[in-house]
Structure formats: C-alpha cells, structure tokens
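To start, the structure itself, in structure tokens.
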Amino acid sequence: MNPGPTAPSSRREHQPPYWYGEAPVPLHARLLASVYALVTGVRRWLYRKGWLRSSHPGVPVIVVGNITAGGAGKTPLTIALVERLRSEGWNPGVASRGYGRADVANAVWVEADTAPAIGGDEPVLIARRTGAMLRADRDRAAAAKALAEAGCDIVICDDGLQHYRLERDIEIEVVDGRRRYGNGRLLPAGPLRELPARGEVCDFRVINGGEPGFGEWPMRLLADRAVPVRGGRPRALETFAGHRVHAVAGIGNPERFFSMLRGLGIAVVPHAFADHHRYRESDFEFGSPLPVLMTEKDAVKCAAFATDAFHSVPVQAALPQGFWVSLLDRLQALDHNRGHEPG
C-alpha cells in the first residue's frame, strides 16, 4: 500500500464536519444536544443542591480538564504540574480515569512498567515521565482518597472538570487555542461537554497554541528530540528536517502533532488514528520504509512490535513564570493548606 496523505478511514474516528467547520448541524444532532443539555444540567443542579454528594480527600486538589470532547493538552500540563510542585517540596499524586483500560470497572495503581491495556495509555505515560503515584479509577473521588491515604499531600486530577463527585480546590481549563469551542454547541451537535460559561468560572484558563486572550495563560508544547521506542540514544528532532517520515498520532487532535513536525521542516506523511487507539503491528504496514515518528502516548502501546524505525517524540509544556507564581499563591491561600510546609 502506497502511503497516502492520510490513514485509511477505518483507522480514524472522524469528528463531524460541523463541529469545527461551516457545515450545517443535522436536526437529529440538535435534538440530541437538547436532551444532553437537560441531563447534564439536572446533574449539575443536583450537586449544587447537595442531593448528589461530593467528597474531598483532605489534601489540596487541582483538576485539569476541558469542556470540549477530545484532546487539548491536558496530559503535558499534568506532567508539568507534577514536576513543578515536586520541585516546590510537594509530594503530588495523580488521579485519572484511565481511558483505554481494558477493565475500567476496577481501580489500579499505575507504574512505569504497567501495561497500557491495564493502566491506560495516558496514565502509563504520566507514570513513566514523572514517577509520581498514580491511581486509575473511574471514580476520581475514590482515586484522590487513595492517593491521600498513600501519603500524597496534593492531588492532580487529569481530566476531571465534569467529575463533580470529586470536590476540588483549583480548576484549570485547557483550551485548544486554534480550534477553541468550535461551533459552540453541546454534544453531539458540537464538541462541547458544557457551555463556554463553565470555563469562565475556572481558576485558570490555559491556551494550548494560538493567541491567548485577556486573563488566559499561554502554553507551548516544545519538542526537540526523537527517542527510539526500542531504546537507545535519542536523536535531535531537527535531523529529520528535509526528510519524509510516517507521522502517527492517535490523540484528540492529530493535526496538532503533524503541524508541529511540519514546522520543523519535516516532510510528513500523516497517519491519524482514533484517540486511545489500540495499535496492532498491521497498523504500520505503510508500504514504504520511512522513519516513524509518533506521540509518546502512542509509543507506550507499540513497544511489543516496534522496529528500529519507530521513534517517540516527547513534548514539554512551557508556561509563563507568572502562571506558576499565581498557582503557588493560590495553593498557599487555601484553607486546606494552612500550616502545610512542603518538604
């Protein structure tokens, strides 16, 4: 099979063209969005009234999330939060639902060597990059409690804005700076889990790419190396400039990864897969022996059949120093944190 401009459609989970485009929204999608709005609105109202109960683990909780379906850069930000808080003397733990796990009904402690099918691709990636304690549980409140009981003095919840069972102290909304909120409609008529007003009540709004507006914090994802998936010495990413590569991304917005590589002068043959795709060796039968560059989240699922051509491209989330100062000031001011001395 000759490499085409995109991966075969059977490999991808297409977003409707009306989410981020000018196509008209079908009537059935608008009707379902009305039902979705009613159900989620009633649920939020029940939590506000206390008829559905939230619980707090007794240590500060930072929730990282978004109000759109799909990826916006939450995992790189979560990794950056863990690393910065640890440098400030905290012992952070991470709570995650663990999308992509084969058995989501049971909670699991995720470590660097946990299989992605057991721990989930993003939790395994976070564990490998940070070494932090990580609990994957669809009940994020239970995960936070387990982390606190295990000795963590602060919990970062990866993707939990809508998980109201977990009481939180700080909310960080992550926004794709180029796509923003799309057509501004709720699922399935648009990409929104909640209306944009929900993001306005978050403590911080982090903009991944694009141009931040007033009160928004810019985040850039930086990449400078490619790491052989089978192990070995990393290679400077710029050495691929001027060469064709197969670029693989099974994330919420694969085009962000492809555009990053193109911006470095790399000739990309893109292969977009569904978010959390479970890779098989046959997925890589591209028909030409080019190097393969993939996101870290994808690479953790390919170790069993990777060849020397497979490279992972790790990214680092870069945020202004003012963001960290504001976040640390907010933590210091928390009632939960009075008398706490990190380290």
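See the values below:
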{"read-out": "Antiparallel content of DSSP bridges confined to the stretch 94-192, in %, to 5", "value": "30 percent"}
{"read-out": "Nearest 10 degrees, 0 to 90: helix 140-149 Cα axis against the chain principal axis", "value": "70 degrees"}
{"read-out": "Within the chain, helix-based [θ] at 222 nm, where runs of 4 or more DSSP H residues each add -39,500 (n - 2.57), nearest 500", "value": "-8000 deg cm²/dmol"}
{"read-out": "Rg over Rh, two decimals, the stretch 236-325 (C-alpha only, Kirkwood Rh)", "value": "1.01"}
{"read-out": "Most to least accessible of Y99, Y164 (protein chains only, probe 1.4 Å)", "value": "Y99, Y164"}
{"read-out": "Solvent-accessible surface (1.4 angstrom probe) belonging to E281, in square angstrom, nearest 10", "value": "120 Å²"}
{"read-out": "Percent carbon-and-sulfur accessible area, the stretch 258-326, ignoring ligands, DNA and RNA, probe 1.4 Å", "value": "55 percent"}
{"read-out": "Ranked order, R84, R278 - accessible area, probe 1.4 Å, largest first", "value": "R278, R84"}
{"read-out": "Cβ-based net charge around Y36, under 12 Å, with every Lys or Arg adding one and every Asp or Glu removing one", "value": "+3"}
{"read-out": "Solvent-accessible area per residue for the stretch 145-239 (1.4 angstrom probe, square angstrom)", "value": "46 Å²"}
{"read-out": "Expected-Rg normalisation [2.2 N^0.38 Å, Cα atoms] applied to the stretch 27-183", "value": "1.07"}
{"read-out": "Nitroxide proxy distance, nm - points 7 Å out along Cα→Cβ at L46 and A333", "value": "3.4 nm"}
{"read-out": "Nearest-ten-degree value, helix 254-263 long axis tilted from longest Cα axis of the chain", "value": "60 degrees"}
{"read-out": "R244 - accessible surface, heavy atoms, 1.4 Å probe, Å² rounded to 10", "value": "120 Å²"}
{"read-out": "Accessible area of H276 in the full protein assembly, 1.4 Å probe (Å², nearest 10)", "value": "40 Å²"}
{"read-out": "Largest-first ellipsoid semi-axes for the stretch 71-145, taking √(5λ) over the Cα gyration tensor eigenvalues, angstrom", "value": "20, 13, 11"}
{"read-out": "0 to 90° range, to nearest 10: angle between helix 27-49 axis and the chain longest Cα axis", "value": "40 degrees"}
{"read-out": "Two-site label geometry, S55 and A150: point separation in nm, points 7 Å out along Cα→Cβ", "value": "1.6 nm"}
{"read-out": "Cα Rg over Rh - the stretch 197-264, Kirkwood", "value": "1.09"}
{"read-out": "Separation in nanometres of the label points that stand 7 Å from Cα toward Cβ, at N106 and R262", "value": "4.5 nm"}
{"read-out": "Cα centroid separation - the stretch 280-334 against the stretch 17-46, whole Å", "value": "31 Å"}
{"read-out": "Cross-link reach list, lysines versus K145, counting only Cα pairs under 27 Å and skipping chain neighbours closer than eight places", "value": "K49, K74, K297"}
{"read-out": "37 °C / 0.692 mPa s Stokes-Einstein diffusion coefficient of the stretch 48-96, Kirkwood radius on C-alpha pairs, µm²/s", "value": "250 µm²/s"}
{"read-out": "Distant alpha-carbon pairs in the chain (separation over 28 angstrom), percent", "value": "44 percent"}
{"read-out": "Long-range amide H partners of G177 with built H, under 5 Å", "value": "N208, G209"}
{"read-out": "Nearest-20 debye value, the chain charge dipole, Cβ charges on Lys, Arg, Asp, Glu", "value": "640 debye"}
{"read-out": "Surface share of carbon and sulfur [accessible, 1.4 angstrom probe, percent] for the stretch 70-160", "value": "46 percent"}
{"read-out": "Ratio of Rg to Rh over the stretch 292-331 (Cα coordinates, Kirkwood Rh, two decimals)", "value": "1.33"}
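The values are calculated or read from the model by the stated rules, or taken from the named source; none is laboratory data. The model shown is predicted, which means the values in this text are computed figures rather than measured ones. So basically every Cβ, Gly included, is an ideal-geometry build from the backbone, and we count neighbours across all protein chains shown. Note: accessible area is taken over every heavy atom of the protein model, side chains too, but ligands, DNA and RNA are not part of it. Shrake-Rupley method; radii C 1.70, N 1.55, O 1.52, S 1.80 Å.
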